[in-house]
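Written below as structure tokens is the structure these notes are about.
The values are calculated or read from the model by the stated rules, or taken from the named source; none is laboratory data. Everything numeric here is computed off the predicted structure, so don't read it as measured data. Positions of Cβ are generated from backbone atoms using ideal geometry, with glycine treated the same way; all protein chains shown enter the neighbour counts. Please note that ligands, DNA and RNA were not included when accessible areas were found on the heavy atoms of the full protein model with its side chains. Shrake-Rupley method; radii C 1.70, N 1.55, O 1.52, S 1.80 Å.
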Amino acid sequence: MEVFTLILLLMAAVLISSVLDQLVPRISAPLIQIALGFLIATLSANPLVFTVDPDLFLVLFIAPLLFDEARRADKGTLWRNKRSIASLAIGLVLAIVLAIGFTANWLIPSIPLAAAFALGAALGPTDAVAVSAMKKEIKLSERQEALLDGEALINDASGIVSFQYAVAAVTTGAFSLLNASVTFVEEFIGGILLGLVLGSLLSWLTKKVRNLGLDNNTFHVLFEVFTPFIVFLLADTLHTSGILAVVAAGVIMTFTPRRIGPSQSHYNVVSSSVWRVLAFTLNGIVFVLLGMELPLALTSSWMDQSIENGTLIACVLVLTAVLVLVRFAWVFCMELLHRDRATGMRPHLTASFVRDAAVTTLAGPKGAITLSIAFTIPVFLSSSGDYFPQRDIIIFLACGVILCTLLLANFVVPLIAPKCEEDTASAERLAKVDVEILRTVIEELTRRQKPETKAATRTVIRSYNARIARLQQSNDLDTEPRDALRIKIIRAQQNHALHRIESNDLDPVIGYHYIQRLVRMQNFIKHRTDNSWLVRNALRHLRITVHVLWRSLVDKIPGASTTERSDILHELNVEGEQIAVDLLRGEMELPNFKAETIGTLLVEHENILRTLKTAKASPSITTIARTVDKAIDIEREALQMELELINDAYEDERLTRAEAKKLRESVHLMQLDLEDRV
């Protein structure tokens, strides 16, 4: 039961972090998850002590995470930068192992040199999730992205293999450089070859299953999820590197030719969604565990009388500084010797060059893999059965360095790296992505339309074409004046409805419903709850509310019949749109008006007004009602589709977090308006 409770706590924390990640965009998801874990451990009535089998932790967390990284990697970019990536993933990891190992042993002599090397090996890999989160907020060059992605993919394997040898030297008490080198080569090459073979075999098996007609997405997605576990366990049984085998299998399986068609496209969407959730969950659980481990590590290390608390903090800061300096020196020299493929020239030593090297250095924080590796340190030595020397201190140091590198990446990198918003073509790029999303929705609607829904589908498609036309005409939209005009229109419509209610010319129930809808629309536009209009009209608003409550309690009826309410609300909507059109035309008569901003809004409201009048004037009420009902269902489906495409663009890093939030809010506003029109 305790294990089940712990699992529920971890899942709940990851779920909450996914919400907070959107609400607090300035703080990366790993830091939020660490904070939640720390909060859980601190507020728990009983100390949360958990032990995980090292082998289980390795296969449960690291194998699927590395497989997902391998299957998503850009193979062409990796190949073009293979030398630099190998330098970072192998050479830099070994340099960090040596630097951290000697430094940790010098700072805390009670940590054996081999155990200190294990700490260095654990701190070698970078965190791919943190890297991906930062790329959404800062502007990285194509080479920087390739280096960080490739390093995060391959250095996990080199760090883990180095860690395993260092731990073996501590636990067995014997270490031979020659034997270790031979075994390392055997495991390294054997793991890669076995991964290539198993990846090819599993791809062939999947193809055969499809050829038999068993084109079931559930089976294929589950089979893909099981693949890293199968490969890792087989490689471990054959005494080769399971980590390298998983990476090799993930890479080779993406090269397998796949059919092109709707079924394959649907499978790709399902597979991508499953892996996205699985990877986020596994990474989130590891970071929450890190937060939960911090109080335990702090307590055990704080109570250790052999080392002063100030010394521990100083050791964390010194190790972080050594790690950053070694990484910066390596990246600096590597980039200084790099020749551009197009020009064949080496870069000049400028301030921009130093800044880019610093960004690449700090944009490689430690995270889930490092903590996963640290948790696999055995408790006892296999040679004597004694406790692993300074295990708690090593885990504490690893946690401290992870936290410091994440803080540097989250708060320092955005200060020195070019911002995505600084791109002069950012508005044009956003418009292009938005147009691409809208066109994809149109294509999908066209594909799904049936003879009985053809008219309704065309109605929705026309609205999407109109949105595309407006985007194409104004790639450099100035949103602030537009939002101000929208707020001005909404307040004019609110005042008109209040005036009609006070003149006993409008049913208060219908008017109240209409006003509340306008308030919600205003809050969506302002991205916050704004009650200033309600405060200014408090007495009028209170009088309407009391009247509505009295009607509901005494009369026990909502007022007019459903048909009459629909007619009155339709009339009120027509009047509101006419007010918007008149207001915008009046704005165009003012000096220094922005024709593009006002013109776009004017066309939008004129189209809505024309649609409302045409719908009401049409003699065939039944036909129109059926078409409108179908169009509403199709539009609801299209808007949901649009939200999914926006999320896909955000995950593919074609949109920043702020841009995705802005587009989602626009869609939510349209969904709100749609539901109110139903």
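Quick notes
- Taken as a whole, the structure places residue 174 among residues that are open to solvent by 60 Å² or more (accessible area, probe 1.4 Å), at pLDDT below 85 and among the small types (Gly, Ala, Ser).
- Pair list, Cβ under 7 Å, 6 or more apart: the range 267-293 residue more than 14 Å from residue 374 (Cβ to Cβ) and open to solvent by 40 Å² or more (accessible area, probe 1.4 Å), other residue part of a helix (DSSP H, G or I) and of a type in the set (Asp, Glu): 276/651
- Subset of the range 25-73 that is modelled with pLDDT of 70 or more and not in a helix (DSSP H, G or I) - its residue that is nearest to the chain's Cα centre (by Cα): 28
- Qualifying position, being among the hydrophobic types (A, V, I, L, M, F, W, C) and over 30 Å from the mean Cα position of the chain (by Cα), among 238, 244, 222: 238
- Which listed residue is over 22 Å from residue 324 (Cα atoms), open to solvent by 20 Å² or more (accessible area, probe 1.4 Å), part of a helix (DSSP H, G or I) and at pLDDT 80 or above, from 98, 9: 9
- Which numbered condition residue 622 misses (of (1) open to solvent by 80 Å² or more (accessible area, probe 1.4 Å); (2) at pLDDT 75 or above): (2)
- Subset of the range 547-580 [exposed (fewer than 14 other Cβ atoms within 10 Å of the Cβ) and modelled with pLDDT under 65]: 549, 550, 552, 553, 554, 555, 556, 557, 561, 562
- Residue check, residue 158 modelled with pLDDT under 80 and part of a helix (DSSP H, G or I): yes
- Residue check, residue 197 over 25 Å from the mean Cα position of the chain (by Cα), farther than 28 Å from residue 4 by Cβ and at pLDDT below 80: no
- Meets criteria (modelled with pLDDT under 85 and not in a helix (DSSP H, G or I)) for residue 276: no
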